Structure formats: structure tokens, C-alpha cells
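The values are calculated or read from the model by the stated rules, or taken from the named source; none is laboratory data. Owing to the predicted nature of the structure, the values given are computational and were not obtained by experimental measurement. Backbone-built Cβ (ideal geometry, glycine too); neighbour counts: all protein chains shown. Ligands, DNA and RNA are excluded from the accessible area calculation, which covers all protein heavy atoms including side chains. Shrake-Rupley method; radii C 1.70, N 1.55, O 1.52, S 1.80 Å.
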Amino acid sequence: MPRVELLTPRGEAALAVVRVSGPGAPALLAELGIAEVPPPASLAVRRLRIGAGPGEQAVVVGTEDGTELQVHGSPLLVARLLAHDDGGPPAPVGLRQRLLDLACRAPGREGLALCLRQLEPDGLLGIVRRAAADGPGPAILAELRPLVAGGDLHRHLMRRATVALRGPVNAGKSTLANLCAGRPRVVTGPTPGLTRDPVAVDLVHRGWPLRILDTAGEGATDDELDREAAALARLAADRADLVVRVEPRRGTPAGAGAEQARLRVLTEAPAPRGAVPPIPGPADLRVDLVAEGAAAEAVRERVLDAVLVALGRPSVPPPPAPAWLEPDQRDALLALADAAEDRVRWSRIARSLLDGRSPG
């Protein structure tokens with residue numbers, strides 16, 4: 001049975017390296033379009049019979065323990081290659097590699113610093129190593145408690161908060177999304193209904209990773225595509241961490257789902273016919289979408305600062321102090337603290353964390 005392993009960290013990348021090995025490797029490689037495998041320490045360029053587009057190429061490298069495929073780092077392409085793995089359950093991924101994989105997926109500098117901080121002697125990896133070597137003791141227990149206590153806040157640095165923009169057609173949602181991005185990212189124009197599928201704009205503001213989601217406007221025509229677009233917009237709002245209501249400054253009748261919004265942005269967009277004055281609210285922001293230069297940057301800062309307040313994020317992220325990053329790591333650390341009186345169980349849990357196995 002062939003074994004297909006990803007040798008590079010998971011996530012989006014320019015390059016991914018996949019190793020194919022095992023008794024079934026030649027047949028799988030032939031299925032992928034690689035009839036001749038280079039001998040060890042040599043390479044060749046081959047066109048794969050896989051991928052989203054024509055002409056997906058790979059650098060094929062022969063090694064002593066298998067064949068390595070160096071391909072474009074598209075997660076979709078990598079997933080399709082890994083789907084051919086029939087070599088049994090994957091090998092456990094140790095704590096150090098998991099932290100490095102997380103670092104590669106960090107959405108901002110603060111998240112990257114947090115992951116790398118875990119590799120230092122007083123970070124998660126160092127503490128667990130000492131726990132495995134020395135056994136339970138007051139010093140180790142004192143180091144475990146801050147890891148668990150600080151986890152929730154730090155984990156926000158590793159996950160983008162999704163902010164859905166909702167409101168009537170031509171209210172300025174796409175223009176606001178571009179303003180937040182600091183560059184043209186979403187198509188804008190006077191034609192109603194330009195945005196149908198939700199469009200994501202990823203950014204980092206004051207250290208916090210955000211995803212601004214531009215959605216279809218309310219009140220477009222009632223054709224089938226517009227109805228599907230409206231359904232996608234409602235679904236995006238239901239799943240978002242924050243809904244921002246975008247309305248023309250002179251107001252418009254509130255659409256379905258307006259009660260979801262915890263922040264409203266009143267724009268300079270032209271008001272549609274029949275508009276009504278908005279009822280002022282404490283979270284309202286009045287912004288000028290036609291601002292340019294320094295004025296546009298000031299509007300961007302105001303909007304994103306208000307988003308952080310609505311999300312409950314402090315203006316400055318917490319320093320990258322040692323903190324657990326994943327729920328199963330938290331559970332294992334709590335199990336370590338509970339097992340302080342049982343040295344055998346303590347050692348087993350600590351070793352399982354290092355080796356990437358379930359504590360059991």
C-alpha cells in the first residue's frame with residue numbers, strides 16, 4: 001500500500017514537498033503521470049495528472065526511502081495528493097512540529113511571535129520537556145497555571161475574527177471593504193448587485209487579525225441569482241463574529257437581520273429613493289467614503305478601531321508570553337496538573353504531548 005506524507009508545514013505556501021513510499025508507490029506514481037522515477041539523488045520535472053488546472057508540474061526527486069514530489073503549495077493540490085494515502089494512520093506529529101506548523105499559519109506577526117515563543121526554554125515545549133524529565137513538582141505546577149490561564153486571549157491572535165458587512169445595495173459596503181484593506185480588493189461601481197458571493201478581505205489591525213466580509217446588498221432584484229446571493233449573505237452574517245450594518249447617511253429602511261449588528265456605519269453613499277433618517281445609536285460611525293490620502297487613512301483607523309471595540313479586543317494585543325495554543329494541549333496541561341500525585345500518569349501525559357499522541 002502506498003504511503004503519501006507531507007514533509008513541509010500545512011497551509012498556503014509557495015512550495016510543498018510530498019513523499020510517496022511503500023510497496024504501492026510505483027503504481028500510484030504512474031497513475032499521477034510519473035512513469036519513470038529518477039534514481040536516488042537525481043531529479044526530473046514531470047507533468048502531473050492532478051490539480052485544478054492543466055499542466056500542474058512537479059519536481060520529482062529520487063531518495064533512498066521514497067520519491068519526493070515538489071509541487072505548488074496550494075492546499076487544494078496538496079489535499080488531492082494526500083487523498084491517495086493508503087498506508088494506514090498518519091504518524092503522530094510531535095509538539096515541536098505542531099508549533100512550527102502553527103507558526104507557518106499565523107495570520108500576523110504577533111501570532112508568529114507567540115508560536116516561536118513556545119519553542120523557547122520557558123515556553124510550552126520547554127515546560128513540557130522538563131515535566132517529562134523531572135516529574136511533578138511545585139515549580140512545574142506553577143509554570144503550568146499561567147499557560148492555561150492565558151490561553152483564550154492569546155488564541156485570538158491565531159484566528160481571524162470575521163466581520164460581515166451588511167446593508168442595502170449601493171450603501172458603500174464594497175467601498176468600505178476596500179478602504180479597510182487599504183487597496184482595491186472588491187469590485188465597486190454604481191450598478192446595483194455587483195457583489196453576489198461574499199468576498200473576504202484579510203488584514204491585521206493593531207496586531208489583531210481580521211477578515212472583513214463584503215456581502216450582497218439587500219433590496220436587489222428578485223431573480224434567482226439575487227435570491228441565492230441574499231441567502232449567502234445571511235449565512236455569512238450568521239457565522240460572523242461581528243455584523244457591521246452599512247447604511248447611507250440619510251438612512252434606509254432596516255433590512256432583515258439588522259438586529260444582528262453591534263456597529264453601524266453611516267456612509268456618504270447616495271440614499272435610495274424612499275430612504276428614512278436613521279435612528280442615532282451609541283455605536284454609530286459617520287464616515288466619508290470619498291476621502292483620499294491621509295483623510296482616508298484616518299477613516300480606516302476609525303472604522304477598524306470601532307470594530308476592535310465591538311469585538312472586545314484591547315487596543316494592544318497581549319505580549320507573547322507562554323500560552324497553550326490548541327484545545328487538546330490545554331486539556332493535556334490540565335491533566336498534567338491533575339496527575340501531580342500520580343508520577344506514572346504524569347510521565348505518560350507529558351511524553352504523549354511531546355510525541356504528538358493522545359494522552360489516553
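Based on the Kirkwood approach, the hydrodynamic radius assigned to the range 10-83 is 12.3 Å, with every pair of different Cα atoms included.
Under the simplified labelling scheme, the residue 351-residue 139 pair shows an inter-label distance of 2.3 nm, with each label point 7 Å from Cα along Cα→Cβ. Taking the Kirkwood radius as Rh and the Cα radius of gyration as Rg, the range 16-150 has a ratio of Rg/Rh equal to 1.13. Take residue 202, project a point 7 Å from its Cα along the Cβ direction, then tell me which residues of the range 101-131 have their backbone nitrogen under 16 Å from it. Counting only backbone N, you get 101-113.
The length gained on full extension between residue 232 and residue 64, counted as 0.36 nm times the residue separation minus their Cα-Cα distance, comes to 55.5 nm. Between residue 295 and residue 239, the modelled labels are 3.8 nm apart [label points 7 Å from Cα along Cα→Cβ]. Length gained on full extension, residue 47 to residue 181, computed as 0.36 nm times the residue gap minus the Cα-Cα distance: 44.5 nm. The listed residues 104, 180, once ranked by accessible area (1.4 Å probe) with the largest placed first, stand as 104, 180. With each label modelled as a point 7 angstrom along the Cα→C-beta vector, the residue 105-residue 302 pair spans 3.8 nm. Sorting 36-44, 210-218, 146-154 by average packing, meaning the other beta carbons within 10 Å per residue, from highest down gives 210-218, 146-154, 36-44.
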